[in-house]
Amino acid sequence: MTTVAELSEGFADKVLSAQSTFRSVMEAMARPGEVHQIKAAAAGAPPPLMPATAAIALTLFDHDTPIWLDPRIVAAREIAKWLKFHCSAPVVEDPSVASFAVIADPADMPALAGFALGSNEYPDRSTTLIVQLDSLSDGPAIELSGPGIRGSAAIAASIPPELIVQLESNRALFPRGVDLMLVAGDAVLALPRTTQLAAKGA
């Protein structure tokens, strides 16, 4: 059993690392489909938490942001302990009340409609999903369009096909809906609810 004293420090330089990570996340959200490196290292984050996921958590999670963890993350009990120690974020069992969700097994994740979708009056009261993937560059070609994209853009992330279908339904809910951050290793790309996805060439 890991004690508090044995938990890793997280960011070596909390202020500069958080600023750098926040800037990368905001740039990714503003430019859907662009891959951004998270340069700030969160030392010692328990697996299967990826480096970018850990850095985003240290930057965005706090005591006011309830988080939902998928079963694979929950099974790695050190992760919840690490997040609580560094972020003080409450872990919830109901995804519909979560500000953030961490997904390590996207093929078995809940339907997007089960997360907080916000309201027309308060669309920001929705869940941001951090979805870990095997790759952001070795998957089926997907064409993106929408705000923040000049014309169209293409990605090749290893997104499960059923998630792509759900993202189209999610976009139709605008201004409601969830936002996604796709993570692989130390890289992130964002798919806000305004982004339209289509199989390339379809």
The condition from (1) within 22 Å of Ser158 (Cα to Cα); (2) surrounded by 15 or more Cβ atoms within 10 Å (Cβ to Cβ); (3) out of contact with any Phe, Trp or Tyr (no Cβ under 8 Å at 6 or more places or on another chain) that Leu117 misses is numbered (1)
Mind checking whether some residue in the range 165-173 is surrounded by fewer than 22 Cβ atoms within 10 Å (Cβ to Cβ) and in contact (Cβ under 8 Å) with a residue 60 or more places away in the chain? no
For Ala187, state whether it is surrounded by fewer than 22 Cβ atoms within 10 Å (Cβ to Cβ), farther than 14 Å from Asp124 by Cα, at pLDDT below 95 and not charged (D, E, K, R). no
Any residue at all in the range 85-105 that's in a helix (DSSP H, G or I), free of Cβ contacts under 8 Å to residues at least 60 places away in the same chain and under 15 Å from the mean Cα position of the chain (by Cα)? yes
Report whether or not Ala113 is under 23 Å from Met29 (Cα atoms) and part of a helix (DSSP H, G or I). yes
Filtering the range 146-159 down to residues that are surrounded by fewer than 17 Cβ atoms within 10 Å (Cβ to Cβ) and within 16 Å of Ala190 (Cα to Cα) yields Pro147, Arg150, Ser152, Ala154, Ala156, Ser158
Pairs under 9 Å by beta carbon, first residue closer than 12 Å to Met50 by Cβ in the range 129-150, partner crowded, with 20+ Cβ neighbours inside 10 Å and among the polar types (S, T, N, Q), six or more apart or different chains? Ile130/Thr53; Gln132/Thr53
Candidates Ala75, Ala54, Ala45 - the one that is touching a strand residue (DSSP E or B) at 6+ places or on another chain (Cβ under 6 Å), hydrophobic (A, V, I, L, M, F, W, C) and free of Cβ contacts under 8 Å to residues at least 60 places away in the same chain: Ala54
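The values are calculated or read from the model by the stated rules, or taken from the named source; none is laboratory data. Only a predicted model underlies this, so the values are computations on that prediction, with no experimental measurement involved. Ideal geometry is used to build each Cβ from the backbone, glycine not excepted, and the neighbour counts take in all protein chains shown.
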